[in-house]
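Just below is one structure, and these are the notes that go with it.
The values are calculated or read from the model by the stated rules, or taken from the named source; none is laboratory data. Model, not experiment: these values are computed from the prediction. Note that we place each Cβ from the backbone using ideal geometry, even for glycine, and neighbour counts take in every protein chain shown.
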Amino acid sequence: MSLACKTLVRTSLYSVSFGLRRNTPTFSSFSPTAATTTTVGFSPKQGLRLVRSTATYASIEFDDGAPSLSVEDDEALTLITQNLEEVPENPAKDNVAHLLTHSDDVASLMKMERRRLGEERQSASGKWFPYLDRYKCGGSSSYLSSEELLEALDSHILDARKQRFKDVVRNRSYSVCLVVEGLSDFGNVSAAFRSADALGFQSVHVVSCDSSKRYRENRHVSMGAEKWLDIELWDSPQDCFQVLKSRGYRIATTHVGMDAVSIYEMDWSCPTAIVVGNENRGISDEALELSDFHCSIPMKGMVDSFNVSVAAGILMHHAVCDRTSRLGFHGDLTSEERQILLAEFFLRHSKSSISIAHEFAKRKGAMLTPKF
């Protein structure tokens, strides 16, 4: 299929999605004919959904007001499937709030196998890196390396998207991580996540969020950043700080006090976990006592504090600037670590990535099975 045709198919798909979302009518499902066609149905609750696959040509048809898309070309089908995967199943759902109150779902975001407790400092570079170079395929005993995953998924992701992943991974670092403690407004957590992703921080930690308090719908605040971060949840500062120190981090809590060090006097090239606290109470006494030192952002105005998400953004931005000044760069992963994290991003790209990886593992297993 020509480039112009592929562009037309994708543009038409987005046009239909946009128009239907604005008018939000109720549509009936499209029933495929006996000659099996790929159809995309729309409903206000589920959005655009891939119903069935097949092919002879690409066109948009209407049956009793319900649009469907029939696709013949396999390459065009891949493009459409990728774009459909990016449409959230429930756009109104607050992903961050859900993740912070469902620890199992947080763990499921991370696909590659992670180091266990006790293996905290065993990465090849001597710095903390969480992933092993293997991915377990479902409940089977089959494993794929990062190289095999990249091979399996390469043809299923657009070139522009792959280049974006590579650029992001090249600028990622685990040397500085963000810890948010006791925040009651999930909007602030979402904003902090968005800043962390934008500035190249891969690791974020959340300590004892008050999930009983009301929060506003704020999925737009994070802009989906939570999908690309490594999020870890903790019940107490002690649990969090103990593990972070075993990974080689020094703990710096933000606090306004006589013993606080200016963030401009800190050496951010050292592995550092920066902790921000509750919107009203600030850092807890327990966290202050367990931290290695306190730091603060010098204030030049009449007020003596920033909004917590703004403070987190300033801290992380200064950390990047300081590291770049001292080291010449912020992203500091080794080539092997970048490959593993790239494979992790490929797996997180869409739901279909997981099934494609599993099919690749099955074919690999079949090829290795001796035939008698």
Practice task
May I ask you to list the residues in segment 267-287 that are buried (at least 17 other Cβ atoms within 10 Å of the Cβ) and either in contact with a Phe, Trp or Tyr (Cβ under 9 Å, 6 or more places away or on another chain) or not in a loop (DSSP other than H, G, I, E, B) (or both)?
Solution key: Pro271, Thr272, Ala273, Ile274, Val275, Val276, Asn278, Gly282, Ala287
Practice task
Kindly indicate the residue of segment 324-348 that is among the basic types (Lys, Arg) and over 13 Å from the mean Cα position of the chain (by Cα) and also surrounded by the most Cβ atoms within 10 Å (Cβ to Cβ) among those meeting that condition.
Solution key: Arg338
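Results for (1) within 30 Å of Trp268 (Cβ to Cβ); (2) free of Cβ contacts under 8 Å to residues at least 40 places away in the same chain; (3) surrounded by 16 or more Cβ atoms within 10 Å (Cβ to Cβ); (4) of a type in the set (S, T, N, Q), shown as yes or no for each residue.
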site	(1), (2), (3), (4)
Lys127	yes, no, yes, no
Pro130	yes, no, yes, no
Lys136	no, yes, no, no
Ala160	no, yes, no, no
Arg164	yes, yes, no, no
Asp167	yes, yes, no, no
Arg172	yes, no, yes, no
Val176	yes, no, yes, no
Exercise for the section: Quick one: which residue in Ser195, Ser222 is closer than 19 Å to Gly313 by Cβ, modelled with pLDDT under 90 and surrounded by 20 or more Cβ atoms within 10 Å (Cβ to Cβ)? Expected result: Ser222
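Among the residues of segment 247-266, what is the count of those that are assigned to a strand (DSSP E or B), hydroxyl-bearing (Ser, Thr, Tyr) and closer than 21 Å to Gly182 by Cβ? Before the answer, list the steps.
Step one: list which residues in segment 247-266 are assigned to a strand (DSSP E or B), which gives 250-254, 261-262.
Among the residues that remain, those that are also hydroxyl-bearing (Ser, Thr, Tyr) are: 253-254, 262.
Next, from what is left, pick out any that are closer than 21 Å to Gly182 by Cβ: 253-254.
Summing the residues that are assigned to a strand (DSSP E or B), hydroxyl-bearing (Ser, Thr, Tyr) and closer than 21 Å to Gly182 by Cβ in segment 247-266 gives 2.
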Handout entry: Within segment 288-313, tally of residues that are under 27 Å from the mean Cα position of the chain (by Cα) and more than 16 Å from Ser195 (Cβ to Cβ)
Key = 0
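Being of a type in the set (Lys, Arg), modelled with pLDDT under 95, assigned by TED's automatic domain parsing to the domain that holds Leu183 and at negative phi: is that true of Lys351 here? Break it down stepwise before answering.
Working: of a type in the set (Lys, Arg): yes; modelled with pLDDT under 95: yes; assigned by TED's automatic domain parsing to the domain that holds Leu183: no; at negative phi: yes.
Taking the combined requirement at face value, the residue does not satisfy it.
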Handout entry: Count of segment 198-219 residues which are at pLDDT below 95 and either hydroxyl-bearing (Ser, Thr, Tyr) or assigned to a helix (DSSP H, G or I) (or both)
Key = 5
